Every structure is written in C-alpha cells, then in structure tokens.
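K.L.:
Got a structure for you, written out below as structure tokens; questions coming shortly.
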Amino acid sequence: MATALYIHWPFCLKKCPYCDFNSHVRASVDHAAWQAALVADMRHEAALAGGAPLESIFFGGGTPSLMPPDLVGELLAEAERLWGFASDIEITLEANPSSVEAAAFAGLAAAGINRVSLGLQALDDATLRFLGRLHDVNQGLAALDVAQRRFARVSFDLIYAQPGQTEAEWDAELTRALGFGTGHLSLYQLTIEPNTRFATDVRRGVFAPLDDDPSAELFELTRALTARAGLPAYEVSNHARPGQESRHNLAYWRYRDYCGIGPGAHGRRGDRATQRHRKPENWLAAVEGHGHGIREDTPLTPATRASEALLMGLRLAEGISLSNIATRFGFDPAHLVDPHALDMLMRLGFVERNDDRLTVTTRGMPVLDAVLGELVHPALVAA
C-alpha cells in the first residue's frame, strides 16, 4: 500500500541547459484537460495501491508552481477522497523563484500546499547565468521571503563544486544561506549529465568540471558548516533540522511504495515498478485510451528489490538494517553484502557496522557510488 503520491507536471517556461525535458516547453496549457487526465491516472493507482492514508504528496517536474491553485486544490481533494490523508500530511511543491510564481504562493497555500522546495541554486548572479536560470539573486531572495511568510516549511537548493569554485567562495555562500533560517537545505554537487548543454560545453572545452579532490574538500566543508548550524546531513545531499526532513523523499530512500502519476513519473507498487509515458501527448493519449498513462509495468524480483533497498537506504545517515531488508525480501542477511568488500571498506573508514546496522561514513559519502558498487553481494547481482 502506497502512502506517498508523486504528481509530475511536465511543462517548463524555457529550455533548460542541464536537463533534457526541452520538448516540454509550452506557451499555453489546457488545464481542464490536464485535470481530467491526472485525476484518471490517480484513480487507476488508488485502485491498485490504496488502503492506507497518504503521508506525503509531492508536486514536481517542470514548473509545477505555475499550476493554477484551483487545479492543485482539485487534485488534492481527489487524492484525499481516494486515499484519505494522515493528520500531519506533508504536501510539497517545487517552485522556481520568479516573481510570477511567488505571486501564486498565497493561492497555493490556500489550496493545501504546506511545504515548498525553492530552486534558488546559487546566491551569485554570474553563477545563475552560468546555470541558465531565469531569476537573479534579488528575485530569488524576494521569493524566499514570500515563501517563508506563506508556508509552514520551506526548503531551497544550492549547487556547488562549480568550475573553479574555491573553499572560501563556497564557505561564504553557504554561511549566507544558513543565515536565512530555513529548516531544510538540499546541497548538490554540479554533475554533468549526458545529452545536455553542459555535456556539450565540456566536450568543446568551454569549461572544465572541478576535479575530484577539490570537490571532496567542498563536500567536507558542507558537512561541517551545516552540522554546526543545526542542519546535519540526513542524506548524502540533504540537510535538515531534526523533524524537518523531507518525509516524501524519505519514503523513496527507505524503499517504501509510492504512486507516481503524470508524464514520465515513476512508481513502486509492491513487487512492480511503473513508469508513465514521458512525452505529454503520448501520456494523454494513453490515459484517454486505457484510463492510465503507464508505459511500463515491470515485475521486480526479490533480489532486485533487496538491491534497490540497499542502494537507496545507504544514502541515508541512518543507514540500513540488514535483518529488516532480509526479512522484507526473503534473504539470509549474510547474502546481502559482500563480506570481503565490507571488511575492506570498513578498514578504509568508508563504512561502519554496528551489530545489524550498516552506515556509510562521512568519509565514504563523497565516493558513495563506488562504495555501493562494491558492497552489494554478488549473489544478489546474479539472481
């Protein structure tokens, strides 16, 4: 039974240099048609994964903060009718910090949004231009001010480890960010994704990504500054005051079921993985023809689910319980992780084991992908 719902709104304001959703730029949207299709997609999921009240809802995707508040309210009303809401449900909406979107915050709060994740991304105008953002620092901070007055919980993100960035520069920027007093920060190292403008620029020599050693030093600085400010890392890139963690994202990292609706949305429903049609027109056609937008509904073996639970859970500071994962998916705890790799990683100080619980250390987090690649037991990979 799913207790988390993800609603993907695919439309963007402009082409984005670091994602490949550029085909989703639209000058206008038929909101009535989209409401009907999203409700149909939601009803399909609720019929298969209902039965427990929703604990979190997340509006993500292109520019969901440009959704009309009335549309948001109708979708939330339908979700509550289908599932019911936990008394302390978290309802998050991703927002870009433009004045147009900030002007809608009052209506979105009235519609039921109680948490906003704001895409500030930088506190420097030159960096924002490099990242291809529409807003400048003053607009971003004005939107943050409005968000903090309208919503009970506010998070924002920053991107660091940019070309040529120094420790002193990041120290000053992050210290300033911590001074704004939000209860949650998402702090991501710049990554170069394939088939993006950034990847093309790197290939052409327009800029060079920051080397691994300076990036690791900035990661350590990030951990130190946020911990000192009372927002310790609870996940590799996410920091929060106690009790302010993103409940929705914790559902992913703790490998709980969640429903995903809308173009391109992923979901996990028991032993099945779902993926919706990615192109908006194809998704709409699928909903009209079949009552849902699912493109793939893939059965997952117990080994795959156990591997995914390991890989997701070890992103968290709390780590994972080997016996819990073994019980959930029917494995001997000794067959979840490679004992030789575990011994090596513990000697290197990358992983700690306390009885049944396994955690990746602060030293291991900067090389998390490599650590996870070593840890998973060969028997799981082969199964």
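Values in this text are rule-based calculations from the coordinates and carry no lab data. Nothing here was measured: the structure is a model prediction, and the numbers come from that model. Cβ sites come from the backbone with ideal geometry, for glycine too, and all protein chains shown count toward neighbours.
K.L.:
Return the long-range amide H neighbours of Asp338 (sequence gap of 5 or more, or a different chain), with a cut-off of under 5 Å between placed amide H atoms.
P.N.:
Hits under the 5 Å cutoff: Val376, His377.
K.L.:
Suppose each label sits 7 Å from its Cα in the direction of the beta carbon; what would the Gln275-Arg43 distance come out to in nanometres?
P.N.:
2.8 nm
K.L.:
How are the Cα pair distances of the range 302-382 distributed, in percent, across 5 Å bins from 0?
P.N.:
Values per bin, smallest distances first: 3, 17, 31, 29, 16, 4, 0.
K.L.:
Sum up the charges of everything whose Cβ sits under 10 Å from the Cβ of Asp125, counting Lys and Arg as +1 and Asp and Glu as -1, but leave Asp125 out.
P.N.:
Net charge around Asp125: 0.
K.L.:
Okay, next question. Lys/Arg Cβ at +1, Asp/Glu Cβ at -1, dipole of the chain taken about the Cα centre: which of Gly61, Thr175, Leu345 is farthest positive-ward?
P.N.:
Gly61
K.L.:
Using a Förster radius of 22 Å, what is the FRET efficiency between Asp257 and Ser323 based on their Cβ-Cβ separation? Nearest 0.05, please. It would help to have the intermediate numbers written out before the result.
P.N.:
Working: r = 21 Å, r/R0 = 0.94.
Efficiency, rounded to the nearest 0.05: 0.60.
K.L.:
Follow-up. Return the long-range amide H neighbours of Ser237 (sequence gap of 5 or more, or a different chain), with a cut-off of under 5 Å between placed amide H atoms.
P.N.:
Amide H neighbours of Ser237: none.
K.L.:
Do any trypsin sites (Lys or Arg not before Pro) in the range 283-383 lie in a loop, going by DSSP, with at most 16 other beta-carbon atoms within 10 Å of their beta carbon, and if so which? Please list the in-between numbers first.
P.N.:
On the way: sites: Arg295, Arg305, Arg315, Arg328, Arg347, Arg353, Arg357, Arg363; in loops: Arg315, Arg363.
Passing both the DSSP loop test and the Cβ count: Arg363.
K.L.:
Can I ask one more? Given a Förster distance of 30 Å, report the FRET efficiency between Asp212 and Glu169 from their Cβ-Cβ distance, rounded to the nearest 0.05.
P.N.:
Efficiency at R0 = 30 Å is approximately 0.95.
K.L.:
If you don't mind, another one. Taking the Cα centre as origin and putting +1 on Lys and Arg beta-carbons and -1 on Asp and Glu beta-carbons, what dipole magnitude results for the chain, to the nearest 20 debye? Each step should come with its number before you reach the end.
P.N.:
Numbers: 35 positive and 47 negative charges, 113 e Å.
In debye, rounded to 20, the chain gives about 540.
K.L.:
Still on this structure, I have one more. Convex hull over the alpha-carbon atoms of the range 220-309: what's its volume per residue in Å³? Each step should come with its number before you reach the end.
P.N.:
Values: hull volume 11.4 nm³, N = 90.
Dividing the Cα hull volume of the range 220-309 by its residues yields 127 Å³.
K.L.:
Suppose the chain between Leu368 and Asp343 were pulled fully straight at 0.36 nm per residue; how much longer would it get relative to their current alpha carbon spacing? Please list the in-between numbers first.
P.N.:
Working: separation 25, 0.36 × 25 = 9.00 nm, distance 1.62 nm.
Contour length minus Cα-Cα distance gives 7.4 nm.
K.L.:
Right, something else. For the range 250-351, state which GluC sites (Glu not before Pro) are in a DSSP loop and have at most 16 other beta carbons lying within 10 Å of their beta carbon.
P.N.:
Details: sites: Glu281, Glu288, Glu296, Glu308, Glu318; in loops: Glu318.
Hits after loop and neighbour filter: Glu318.
K.L.:
Let me ask another. Among Ala104, Leu380, Leu210, whose Cα sits farthest toward the positive end of the charge dipole of the chain (+1 at Cβ of Lys/Arg, -1 at Cβ of Asp/Glu, about the Cα centre)?
P.N.:
Highest projection toward the positive end goes to Ala104.
K.L.:
Please report the antiparallel percentage of DSSP beta bridges with both residues in the chain, rounded to the nearest 5. Let's see the in-between values first.
P.N.:
On the way: 23 of 53 bridges.
Rounded to the nearest five, the antiparallel share is 45 percent.
K.L.:
Please get the size of the charge dipole for the range 302-382, origin at its Cα centre, with Cβ charges of +1 on Lys and Arg and -1 on Asp and Glu, quoted in debye to the nearest 20. Walk me through the intermediate numbers first.
P.N.:
Values: 7 positive and 10 negative charges, 25 e Å.
Computed charge dipole of the range 302-382: roughly 120 debye.
K.L.:
Something else about it: Averaging sequence separations of C-alpha pairs under 8 Å and six or more residues apart, then dividing by the length of the range 302-382, give the relative contact order as a whole percent.
P.N.:
Value for the range 302-382: 38 percent.
K.L.:
Tell me which of Leu368, Ala32, Asn114 sits at the most positive position along the dipole axis of the chain, charges placed on C-beta atoms (Lys, Arg +1; Asp, Glu -1).
P.N.:
Result: Ala32.
K.L.:
R0 = 30 Å: FRET efficiency of Thr298 with Ala152, Cβ-based, nearest 0.05? Show your work: numbers first, answer last.
P.N.:
On the way: r = 37 Å, r/R0 = 1.24.
E(calc), rounded to 0.05, equals 0.20.
K.L.:
Could you work out [θ]222 nm for the chain from helices alone, using -39500 (n - 2.57) per DSSP H run of at least four and dividing by all its residues? Round to the nearest 500 deg cm²/dmol.
P.N.:
Values: 16 runs with 164 residues, N = 383.
When only DSSP H runs of four or more count, the value is -12500 deg cm²/dmol.
K.L.:
Here is a follow-up. Can you give me the C-alpha center-to-center distance between the range 314-383 and the range 144-168, rounded to a whole angstrom?
P.N.:
Cα centres, the range 314-383 to the range 144-168: 31 Å.
K.L.:
Identify the residues of the range 319-334 with backbone N under 16 Å of a label point that sits 7 angstrom from the Cα of Arg357 along the Cα-to-Cβ direction, or state none.
P.N.:
Once the point is set 7 Å along Cα→Cβ of Arg357, 319-325 turn out to lie under 16 Å by backbone N, inside the range 319-334.
K.L.:
In a solvent-free Debye calculation with one equal scatterer on each Cα, what is log10 I(q)/I(0) for the chain at q = 0.11 Å⁻¹, listed in the order of the q values?
P.N.:
-0.86
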